[in-house]
Structure formats: structure tokens, C-alpha cells
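Remarks on the structure that follows.
The values are calculated or read from the model by the stated rules, or taken from the named source; none is laboratory data. These numbers come from a predicted model, not from an experiment. Using ideal geometry, Cβ is built from the backbone for each residue, glycine included, and neighbour counts are taken over all protein chains shown. SASA here: full protein model, heavy atoms, side chains in, ligands and nucleic acids out. Shrake-Rupley method; radii C 1.70, N 1.55, O 1.52, S 1.80 Å.
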Amino acid sequence: MTKRSVRRALVALLSVMALAPGLAPATAQVSQGAWWITEPEPDAAENQGFIPYYEIGPRLREIETSSNRVKVEVIGQSVEGRNLFLVTVSDPQTMGRLGHYKALRNLMLRDPERAQQMAAQFEDFKVPFYVHGSIHGNEWPGVDASIELIERLAFENDPETKMVLDNTILLFNVVANPDGRVAGRRTNSNGFDLNRDFITQSQPETQAAVKVITEWNPMVTLDLHGFVNPMLIEPCTPPHNNNYEYDLYIRWALDQAKAMEQELADQLGFSAQIPFRDFPEAWDDWPPVYTPMYAMYHGSYGHTLETPFRDERGTAAHVAAVWGALKFASENRMGMIQDQIEIFRRGFLDMDQVSIADEHGEVHDFIAEFPRAHVIPVGEGQRSDAEAANLVRFLLANDVQVERATGPVTVGGEIYAAGSYVVYMDQPKRGLANTILGPGWDISDVVSRLYSAPGAWSLGYLWGADVVTAERDQAFDAKTVAVNTASAKGGVDAGQSAAYALEVDSPTAVRAVNALQSEGLSLELATEPVDSSGGTLAPGTVLIPSGAKNRLNQLAQEGLRFRAVASLPEREALEPVRIAGRVSDLELWVLRELGFDIDQVTGGQIASGAVDLAEYDVLLVTLTNFWNQLGTAGRAAVQAFWEDGGGFVGIRAGGGQVASSSGHFPVSWISRSGTGMARLSYEQDSPVVGAYPPEDTAQVETPTWFTSVPAGASVDARFLDEDFFVAGHWQDRSGAAGQPLVVRGNGTFGDARVVLFGIDPLFRAHPQRTFPAVASSVYWTSAG
């Protein structure tokens, strides 16, 4: 154990001792107001024979006031403002000591060896058991099953119920997607599949669930879904993510799944299928985007349950399966908790992982070689101090330990400034830390396919900050102290200035530009390199009037650096932009979060005249078949828009179809099946990607590249000529090396500007590193 680890352990242990048995303060219930008072509203769940959302609050309130085993809290609101309910259930003595049990859970992380001793000697480790109800809104039975289970646990006194209450603390996120339930859809109101959001955490419903998981580190997590017949009960098929301590997980998760299968058969006569046991592949736990997979990084034995039926039988199946897991966890609590703590102990002591064998004896060597640390530089060597601080805040919110250097940091001979952040891998949740910051793995030859994208998700390589990895064989030197917050130091350069310059190199910068435009400032877009107090900046840099210095000082508090410009370069007016977008709900959300004024439009609306493109500056298309849906009248309206100077931004095949079929910017392209992260080369004189380094990483989903472009068009980004694929699953990469990925130029109708992307720069709101490229393409096409 390192001295730094010992220091952390002692501080944490003292904190826990302050909450020792008998000294724990009573847990005060925070008033949530009259959360149980709701107005009836049309509800798709009710139409399907399930409990409507408006009845859930009153029903939970009635249970809470009638049982001393139940506590109900509001842990957040959905996008449309509906309450998210966390129901805690245990025996009455436990309900008065929840703070004590949280402190014991904390001890697992801060001193896991001590926690194992206490669990063995005192058996005072009531285990948290988390049930996540219907994250997909129209998979109705999970909510009804949760309420049925709460009612049994609240009021019944049979031996099995007493056993469960004596051994567990039940945590029910009763209705994890209220808006989807009311509307009868899978997604939330922003169009997000919340069960793909757990490593991005863009949505309030996801954020609320993450807070419960990080506070409690539940020993078991069950995510209630539908519909697969026979009922599907995880654990999963290969590939298993390398960052899990999978041998410890599968030791209990597989037997717990069999216990759920048995209870389902005993109660209802239903059969089940267990992917780990029954499938060779294609139901994997590779991406950390799902609820149970995210929970596994917090030591949880996570399972997705897919009920077979869309009626009361589906509810009964969930009830039976969850009950089987509750009985198993109660009967095996001590062994399971010891191995959960062992997950954290391995990280704490920087121990090796252990390989596993499947049911058929085949060894799966899914072993991570953890680096010594990941470094998030500040100042020189960091593209965006603002995004570095955002990344650190994300790590801390996810219970990852972060330290800050008190002096220079040396990694492999490179020196980074004091104040840089260091994330050591000798910490309890090293798996999550490495998942967030590391690049991932190329698993193209491991399996024939993945269940779902993404194949790679690294925040260190796909979000807006640079991360440097200190491998074990590299020279590494850093003196650090632990931090619990992050800030970024920006500024406005001093001296005489004809204007101030801001490179569009981060989402924070994009939001600042759009905010300044909305406030009425006259901005300009540099069309050539800019000589500034910070050196030469790329074309596409935004120029801001020098009289705005006071406002820029405010924005600098977010970590932005505004450079003084003494001599103005060639430039164009950058007016506020209105975008007509044939985009998905997720892409719409991203662009609005960045501060863009965008309306979602359809080909039919344009064809009928319901949408007048003359009111917009840029047409942005990501969805396929838009050109076909326009019809003759709609195509004429789009052509007139271009002839009047309207800009066009197209993404992947959807954008390529419009550009090529219209004759405006004829291109051809190839799309392949694949998902992951690739290395790109960027042109430094581009107004769209010039703010990026010469080589960088980007997300590729259904990888698409251009095989021909119009004469005179600029190719602003390409795959590297070799070794361009970093991580994920993409088997057929033939012909892709060196191929164009971002192209731009003037179209044939009125010389309006066009930018086309082959990469997916907005995928599920995740690859924040490429958001600025989309923003710059909007600025450039609108300024022409």
C-alpha cells in the first residue's frame, strides 16, 4: 500500500468511526413538499392496463404513512418535471440508521481490508439492493412489479419477507422514465434512450440514478425491461469489458441468475434464458452505457431482466425473478459482500485482475493492464482548461478519486504544469476511472458482432479535454493532493487590442460565441490565420469587439482564454444563425444545449410551405431519405434557399444523399458496419477544423468516408494512413485508410457553402470533442 493510499485510508476511517454503531445520527427525512398530490392526465400506461403515473405518488404516500418499513424520497425530476421516486424499504430498526449503513458502505472504498474484517466479525453489513423500474417508458411491467414488491415488503410478515428485510436495504427507483411512461414511448422527452446514457449522463433521469448508485454502491442491481420470451436474465455473453473484475462478479451473478430462473419456474412455471450460459455472443456487457453495466463499476452484481409478456403476466414474471434474487442475496449475503469489497480492495492495492472461464470451460482472458495514472494537464499541453475542469467534475461526481499536482508533472519525459490533475489507478474504482479516461480496446477479432453501439466511449479521447496516460514502464513523477472540486483559469489578455480572438475548440467556447451573439454583439469570423497575443490562431477563429472586455472577463471565469489581436485579418460578418434541421431528437438537443437557434423540420413541411427556408441561414441534415421526401416542390424550395446563399451542413449518408442527389455538391461515399473510435488527420488551415491538432481522435458509427468529391473542394479531415482504428468493433476496414471524412466547398447553386461529415460528430450527445467542428461548419456556411 502506498503512503498516499494509507493517508486516504486513515482520513476516511476516522470519518467512518465518527458514525460508529450507537453514535450514528438519526437520518432526517428531507421534506419534499406535497409530492404525492398529482393531477390526473392522459396516460399511455393506463390505456395498456398498467398503473398510470399520476397514481404512483399517492400510492407510495399511502404505503409510507401505513408502514414503518418504508421511506419515499423525490430524487429529481424528469425533463418534463415529473418526480422521480426512490423508495427505501427495510426493517424498522434499519430505517432509523441509514446514515450508519451508508458510512459502512463508504468504508468499503476507503479501507476495504477493514471492511472485510468488520463484515466477517460483526455481520453488520445490511446490503443495499437496487431495483430500477422501466427505464424504457413503454416496457410497462417493471413499474407495476416494483410497487407490488414494495407493498409485500411493507406489510407482509411471512418468513421469506422477514428474511429479506433482515438482510437487505431495498432501494426502488420506481419509475425511472416518467415521461416515457406517460407518452407510451421507449425514450425520455428529449428522445434519449436512457439505457444508453450511463457513461454520458446527459439527461436528468440518468443523473438521478447515478447519484443513488454512487451514494449506496448497491450490492445487487436489477434493471427491469421487456420483452424477451422466454424471459432473459443476465449475466451476459462475451466480450466482457476489460475493466470489470469479472471473476468476482460472475462467481455470484451466474448463480443469482439461476436462482431467479428457479423462482420464475416455481411461482409461474415460466422458463428463462441466461445469455452467459446459453448464447455464444451478441448479448454482451461490453459498453458501459447500460444501467447494470455502469453499476458493475461500483461493485454491483448487475442484471438486466427482460420480462416475456406485455400484460399482468409480465408483471408477475418480474416480481418472481426479483424475489428469487432477493432470497439468493439474503442467503448468500456474507460471501457476496466479501467479494464486492474484494473488487475495491484489488483496486486499492493495485492488484492484478484474474481471468475467468465460461460454463463450457473456455477461458476468457479479458484482462486490463491498468496504467499507473492518467493525467489531465492544465495550461500548456491542454487544448481546453474549461473542458479539463468539466471532465474532472464528471469524475468526482462518479466517485472517482482525483488529485491535483502541487508541482510540475513528468510523464515519459514530458513536463506538465503544476495544477494538472492526476487520476491514480491504485484506487477502489479503478475500473470506472480507466473506462472513463483510457482509450479502450480494438475487439474486432474477439466476436463477430456487438449487441449495440458504441464500441468505444472514452471521455478522455472523445470529450473536449486532453488526457495523458502514464504507463507503468514510463518515467512518472508527481506530488499531489486530493481534490473534491475543479476549476479552470481563463482570462482576457492585456494590452491594446483591435479585437479579441476566441478559437472554437471546445463546447464551452461554442456556448460563449452563441451567448455573445444572442446579446447583440457584432462578431466576425476570420478567414485566414490570426496573429494574436497567444500566437497564430486558425481560420474560423471568432473575433469579438474590444469594447466587450468586461463581458469577456465574465466568460473567462469558465476557463476560456480571449487573445488580444492588434491587427485584424481578413474576416466575414458572423450574424446570429437560424438552423433548419432534419435531425434526430438527440441531435436537436445537443445543438440547443450549445446555444444554437434550431428548428426541427421535415421534407413534407418544406414541400407544403409550412416551413419557409427563407427564414433560416443553414440547412443541417443528418437523417436519410430527406431528399426523397421533399418532392418536386420541396426540392425547388431547397434549391432556391441555396441560390440565395443558404448554407448546407450534412452528416454521414443522410447529408451525402442531399448534396449528391441535388447536384449541389456531388459526392460518393462508402459506409461500413462498425462502431468505435478512430484517429484522424486535420487540415490546419481549415475554418472548420483548424482549431484541432494535426492528429486527433473521433467517434465513428457506421463508418462513412467519401470516395469522390467535387473539383476544387477541400478535404479537411481524413483517416490516418495507417493504424487509424483505436478501439471498438469494426471488422472490414479495407480501403478506409487515408480516406476523406470532412469535405467542404461551394455548391453549384449560387456558390452557397457546403460542409459534409463522414464521422458521426453528435452521436447520442457523447463525442463532445467533435461538437466544435459542427459549430464551426454552421458558422462558416452561414457567413458566406
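Within segment 620-657, track down each residue that is within 13 Å of GLY747 (Cβ to Cβ), open to solvent by less than 10 Å² (accessible area, probe 1.4 Å) and either free of Cβ contacts under 8 Å to residues at least 60 places away in the same chain or in a helix (DSSP H, G or I) (or both).
Within segment 620-657, VAL638, TRP642, GLY655 meet the criteria.
For segment 490-516, name all the residues that are open to solvent by 30 Å² or more (accessible area, probe 1.4 Å) and touching a Pro at 6+ places or on another chain (Cβ under 8 Å).
Residue satisfying the conditions is ASP505 alone.
Answer yes or no: is there a residue in segment 555-575 that is basic (Lys, Arg), farther than 22 Å from GLY647 by Cβ and in a helix (DSSP H, G or I).
Looking for residues that are basic (Lys, Arg), farther than 22 Å from GLY647 by Cβ and in a helix (DSSP H, G or I), one finds none in segment 555-575, hence no.
Which residue pairs have Cβ atoms under 8 Å apart, sit 6 or more places apart or on different chains, and have a first residue in segment 59-83 that is under 17 Å from GLN203 (Cβ atoms) and a second that is among the acidic types (Asp, Glu)?
Between residues of segment 59-83 that are under 17 Å from GLN203 (Cβ atoms) and residues that are among the acidic types (Asp, Glu), the close pairs are GLY76/GLU205; SER78/ASP179; SER78/GLU205; VAL79/ASP179; VAL79/GLU205; GLU80/ASP179; ARG82/ASP179.
Looking at (1) more than 29 Å from THR65 (Cα to Cα); (2) touching a helix residue (DSSP H, G or I) at 6+ places or on another chain (Cβ under 6 Å); (3) among the hydrophobic types (A, V, I, L, M, F, W, C), can you tell me which one ILE199 breaks?
Exception for ILE199: condition (2).
Being touching a Pro at 6+ places or on another chain (Cβ under 7 Å), within 30 Å of VAL700 (Cα to Cα) and open to solvent by less than 30 Å² (accessible area, probe 1.4 Å) is the filter here; which residues of segment 417-447 pass it?
Residues satisfying the conditions are SER420, MET425, THR435, ILE443, VAL447.
State whether the residues of segment 229-252 include one that is in contact with a Pro (Cβ under 7 Å, 6 or more places away or on another chain), in a helix (DSSP H, G or I) and surrounded by fewer than 22 Cβ atoms within 10 Å (Cβ to Cβ).
No.
Quick check: anything in segment 170-182 aromatic (Phe, Trp, Tyr), crowded, with 24+ Cβ neighbours inside 10 Å and more than 20 Å from the chain's Cα centre (by Cα)?
Within segment 170-182, one or more residues are aromatic (Phe, Trp, Tyr), crowded, with 24+ Cβ neighbours inside 10 Å and more than 20 Å from the chain's Cα centre (by Cα).
From (1) in a helix (DSSP H, G or I); (2) touching a strand residue (DSSP E or B) at 6+ places or on another chain (Cβ under 8 Å); (3) touching a residue at least 40 places away in the same chain (Cβ under 8 Å), pick out the condition that doesn't hold for LEU516.
The single condition LEU516 does not satisfy is (3).
Given the residues VAL492, VAL504, which is the only one that is more than 16 Å from SER546 (Cα to Cα) and in contact with a helix residue (DSSP H, G or I) (Cβ under 9 Å, 6 or more places away or on another chain)?
One residue alone meets the criteria, VAL504.
Starting from residues that are of a type in the set (S, T, N, Q) and open to solvent by 10 Å² or more (accessible area, probe 1.4 Å), keep the ones in segment 201-228 and report whichever is nearest to LEU264 (Cα to Cα).
Looking at the filtered set, the residue picked out is THR214.
Does segment 292-312 include one or more residues that are open to solvent by 20 Å² or more (accessible area, probe 1.4 Å) and in a helix (DSSP H, G or I)?
yes
So, in segment 453-489, exactly how many residues are small (Gly, Ala, Ser), surrounded by fewer than 19 Cβ atoms within 10 Å (Cβ to Cβ) and either modelled with pLDDT under 95 or out of contact with any Asp or Glu (no Cβ under 6 Å at 6 or more places or on another chain) (or both)?
Count: 2.
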